[in-house]
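Read the structure below first, then the notes.
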């Protein structure tokens with residue numbers, strides 16, 4: 001069932017393009033998926049080696065009782081399980097629905113929850129990142145930057161919007177580049 005974006009539209013807002021993600025399509029940011037997988041592999045290997053070493057060293061210890069063994073094995077299973085879970089989550093497919101109106105970019109989850117609603121004027125650039133099996137992904141860089149302070153250090157995080165595995169990505173990309181041209185002209189006038 002296709003979700004309905006109509007209830008989320010503002011007065012006078014018109015839908016210009018609508019689509020959804022497909023399993024056959026590539027992720028919008030393949031580098032992010034690869035780094036998450038690599039992190040999970042490293043986490044799992046380090047956890048397994050550390051807890052394996054701890055278990056081997058504890059085998060001859062006569063002071064170890066059942067509770068201590070349960071704690072060590074429980075922690076080993078937990079930490080190795082976290083790594084395996086992170087790795088497995090990179091393969092989980094979540095259906096997403098996208099809409100570009102004459103004013104905003106909207107994204108809805110498979111549960112019908114509007115997860116992103118941002119004005120097109122915030123888009124600085126759009127990149128057709130990958131095409132696979134006729135489906136493509138688009139990554140949009142916005143001018144929105146969030147700042148945070150941790151332990152006396154400042155961090156900035158740029159907001160990106162993405163559409164992953166959409167059908168006929170060239171048409172959507174053409175539409176977005178047209179919006180970008182209008183945004184650039186508007187910024188130049190300001």
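The values are calculated or read from the model by the stated rules, or taken from the named source; none is laboratory data. No experiment lies behind these values; they were computed from the predicted model shown. Cβ: placed from backbone, ideal geometry, glycine included. Neighbour counts: every protein chain shown.
Within the group 158, 174, 94, which residue is in a strand (DSSP E or B) and either under 21 Å from the mean Cα position of the chain (by Cα) or modelled with pLDDT of 80 or more (or both)?
Of the residues listed, the single one that is in a strand (DSSP E or B) and either under 21 Å from the mean Cα position of the chain (by Cα) or modelled with pLDDT of 80 or more (or both) is 158.
Among what's in region 133-153 and is under 20 Å from residue 171 (Cα atoms) and within 18 Å of the chain's Cα centre (by Cα), pick the residue that is surrounded by the fewest Cβ atoms within 10 Å (Cβ to Cβ).
Here the answer is 141.
Looking at 19, 112, 60, which one is over 15 Å from the mean Cα position of the chain (by Cα) and modelled with pLDDT of 85 or more?
Testing whether each residue is over 15 Å from the mean Cα position of the chain (by Cα) and modelled with pLDDT of 85 or more leaves just 19.
Can you confirm whether residue 53 is modelled with pLDDT under 90 and over 30 Å from the mean Cα position of the chain (by Cα)?
Criteria met by residue 53.
Could you go through region 115-126 and let me know if any residue there is part of a loop (DSSP other than H, G, I, E, B) and under 18 Å from residue 159 (Cβ atoms).
no
How many residues, within region 115-132, are surrounded by fewer than 17 Cβ atoms within 10 Å (Cβ to Cβ) and at pLDDT below 80?
Of the residues in that region, 3 qualify.
Every residue, every condition in (1) part of a helix (DSSP H, G or I); (2) surrounded by 13 or more Cβ atoms within 10 Å (Cβ to Cβ), yes or no:
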site	(1), (2)
36	yes, yes
42	yes, no
47	yes, yes
50	yes, yes
63	no, no
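Scan region 125-137 and report the pairs whose first residue is closer than 12 Å to residue 161 by Cβ and whose second residue is assigned to a loop (DSSP other than H, G, I, E, B), with Cβ atoms within less than 6 Å and a gap of 6+ or a chain change.
Pairs that qualify, where the first residue is closer than 12 Å to residue 161 by Cβ and the partner is assigned to a loop (DSSP other than H, G, I, E, B), are 137/26; 137/28.
Among the numbered conditions (1) surrounded by fewer than 17 Cβ atoms within 10 Å (Cβ to Cβ); (2) outside any strand (DSSP E or B), tell me where residue 80 comes up short.
The one condition residue 80 does not meet is (1).
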